[in-house]
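Right, one structure below, let's go through it.
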Amino acid sequence: MITHQQIISWLQEEDSERLEELWSLADNVRREKVGNAVHLRGLIEISNRCQRQCAYCGLNVANTKLNRYTMSKEEILDCANRATQFKYGTVVIQAGETSTLSGEFIADVVRSIKAKSSLAVTLSLGERPDEELRLWREAGANRYLLRFETSNRELFRAIHPATGIHQRDRIEMLESLRTMGYEIGSGVMIGLPGQSYSDLARDIELFAKLDLDMIGVGPYIAQTDEAIGEMPPNLATDLQVPCTELMVYKVVALARLVCPEANIPSTTALATLNLATGRELGMSRGANVVMPNLTPRHFREHYEIYPNKACLRETADQCHACMARRIFSIGREPGTGPGGRRGRKGDILECH
Ligand code: SAH
């Protein structure tokens, strides 16, 4: 097992030959444990409404410049149909935290998708009460994504004020989701102001402790509009984790080493730092998932979680073609089927 100190050493490694070793370690574990398939998860950003005040996030309620939208059931089901046409195994339903999306509305959407398709359904709707999570699980939802954002509790409280409708402890919520039979996904932002190397090493250790089925990480991308929220100051430079592309690859690779069987996406935030080859490098350094965006363009341009988000003005067709090209360009192949977590005892999925 890799130690705390070894994780920190990798995070601070600057020698490119040594880093080549890390990339090939991660790539070998990826190939051996989850194979060459790159699973496609079609992302549907169903609402940008949010009642919270997360200082890092552009959807936060203080952002009065955003045009707010919520998709109708029919619009969401149209996106799910596209997912089936594109042969994706999963749809990911994501939104801000808003009472506009009632527990019953989501349950109805999940039931309809499950009745009409063989798609796995992943939800990513923030902090919600157990009774809703149970309702959605009974409706057929398979997985839930909820990043804990940082394992440093003080930093988390500073960037994620305790306001909102269904506020709860994210780690406890993940454990609760697990007992309900969901596959659970989490992750962090890399290079948050005030995040130390030790914090980030603890984040990676927590991935292993929670035995995550899915791990999503990306760079923290600073808001340009000060009205959105005030972030903490940076630490002294030798302690502060930088929000660089290289640091993201290190965390992707280390996540693969500590959770060999997890599904790990090469994220849009990473592509935002390097549109030309970020996705491919993520996939070559531990990742085995991409999330092509299915959200119709007139909605997606308002789902601007951070400035200059990649693929904000593409169509679902363009995203689909682009991802397929990138996967084939590095000698990999698109996954088939739901692509659930491998090797979990008492597997709840392969998917109904
Ligand atoms: N409301 C849901 C979905 C949030 S959006 C929730 O809170 O879980 C999904 C992820 O985008 C967040 O978990 C966060 O890690 C990431 N994100 C938000 N703002 C960001 C920023 N400025 N830079 C990089 N990633 C960001």
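Laboratory data are not the source of any read-out in this text; all were calculated from the coordinates shown. This structure is a prediction, so every number in the text was calculated from the model and none was measured. As a convention, Cβ positions derive from the backbone with ideal geometry for all residues, glycine included, and neighbour counts pool all protein chains shown.
Numbers at a glance
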quantity	calculated
Selection from the range 213-244 of residues that are away from the ligand (no atom under 13 Å from the Cβ) and part of a helix (DSSP H, G or I)	GLU226, ALA227
Top-ranked residue in the range 148-191 [being among the small types (Gly, Ala, Ser) and surrounded by fewer than 16 Cβ atoms within 10 Å (Cβ to Cβ); ranked as nearest to GLY216 (Cα to Cα)]	GLY181
Restricting the range 103-147 to residues that are buried (at least 19 other Cβ atoms within 10 Å of the Cβ) and among the aromatic types (Phe, Trp, Tyr), the residue that is farthest from GLY187 (Cα to Cα)	TRP136
The one condition in (1) closer than 30 Å to LYS73 by Cα; (2) buried (at least 23 other Cβ atoms within 10 Å of the Cβ); (3) not hydroxyl-bearing (Ser, Thr, Tyr) that ALA262 fails to fulfil	(1)
Qualifying residue in the range 114-131 (condition: within 15 Å of the ligand (Cβ to nearest atom), over 22 Å from the mean Cα position of the chain (by Cα) and polar (S, T, N, Q))	no
Count of the range 89-102 residues which are surrounded by 18 or more Cβ atoms within 10 Å (Cβ to Cβ) and either touching a helix residue (DSSP H, G or I) at 6+ places or on another chain (Cβ under 6 Å) or without any contact (Cβ under 8 Å) to a residue 24 or more places away in the chain (or both)	1
Selection from the range 198-228 of residues that are surrounded by fewer than 20 Cβ atoms within 10 Å (Cβ to Cβ) and either of a type in the set (A, V, I, L, M, F, W, C) or more than 20 Å from the chain's Cα centre (by Cα) (or both)	SER198, LEU206, ALA208, LEU210, ILE221, ALA222, THR224, ASP225, GLU226, ALA227
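Yes/no matrix, rows are residues, columns are (1) closer than 23 Å to GLU304 by Cα; (2) touching a Lys or Arg at 6+ places or on another chain (Cβ under 9 Å); (3) within 12 Å of the ligand (Cβ to nearest atom); (4) assigned to a loop (DSSP other than H, G, I, E, B):
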residue: ALA162; (1), (2), (3), (4): yes, no, no, yes
residue: MET173; (1), (2), (3), (4): no, yes, yes, no
residue: GLY181; (1), (2), (3), (4): no, yes, no, yes
residue: GLY185; (1), (2), (3), (4): yes, yes, yes, no
residue: GLY194; (1), (2), (3), (4): no, no, no, yes
residue: ASP199; (1), (2), (3), (4): no, no, no, no
